[in-house]
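Read the structure below first, then the notes.
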Amino acid sequence: ENNMFSNRFFGRRNSIDWSGALTDKGKMRTQLLIDLAKIYHEEKALIHGETRFIHESDANDNDLMCYERILEDESIFVAINFSDEKKTVGNLLPEGDFSVLLTYSAEFDADNIVLEPNGYIVVKKAQ
């Protein structure tokens, strides 16, 4: 388990390397954590919802994760591309209107979800 409070005297083995926190990539990672925490606290489905993993016919693709969190009438869909290659999948979203909560190098329409390398998208079904 990582510990953000470790230092050279305590917990070095499990420390988070903050040395690049002020670089452009570090600032981007910090902003991602802030955005994720905000969504986590605002969207009850992410905390209490049932998880439904969504697979296509070629479910052997370990570089792509798609799942939905459902709580009562709330539905949040997440797609993550863990690979260094662009991934295009048939649109796995149920019918309806969606709003984007968080995205990086990804887009979707009625037919496809396109995830650039290491891209992700989090969308919420409109109520």
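The values are calculated or read from the model by the stated rules, or taken from the named source; none is laboratory data. Treat the numbers as computed from the prediction; the structure is a model and nothing was measured. Because the Cβ atoms are built from the backbone with ideal geometry, glycine has one as well, and the counts that use them run over all protein chains shown. Surface accessibility is based on the protein's heavy atoms, side chains included, excluding ligands, DNA and RNA. Shrake-Rupley method; radii C 1.70, N 1.55, O 1.52, S 1.80 Å.
When the stretch 59-78 is filtered for residues that are at pLDDT 90 or above and exposed (fewer than 15 other Cβ atoms within 10 Å of the Cβ), only E72 remains. Within the stretch 104-122, residues that are more than 11 Å from V78 (Cβ to Cβ) and without any contact (Cβ under 8 Å) to a residue 40 or more places away in the chain sit with their Cβ atoms under 8 Å from residues that are assigned to a loop (DSSP other than H, G, I, E, B) and open to solvent by 80 Å² or more (accessible area, probe 1.4 Å), at 6+ positions apart or across chains, in these pairs: V114/K86; E116/K86; P117/D84; P117/E85; P117/K86; N118/F82; N118/D84. Annotation note: of E50, E85, E95, the sole residue that is at pLDDT 95 or above, of a type outside the set (F, W, Y) and open to solvent by 60 Å² or more (accessible area, probe 1.4 Å) is E50. Of the residues making up the stretch 98-121, those that are surrounded by fewer than 17 Cβ atoms within 10 Å (Cβ to Cβ) and β-branched (V, I, T) are V100, T103.
Within the stretch 105-127, the set of residues being outside any loop (DSSP other than H, G, I, E, B) and within 19 Å of R69 (Cβ to Cβ) comprises A106, F108, I113, L115, Y120, I121, V122, V123, K124, K125.
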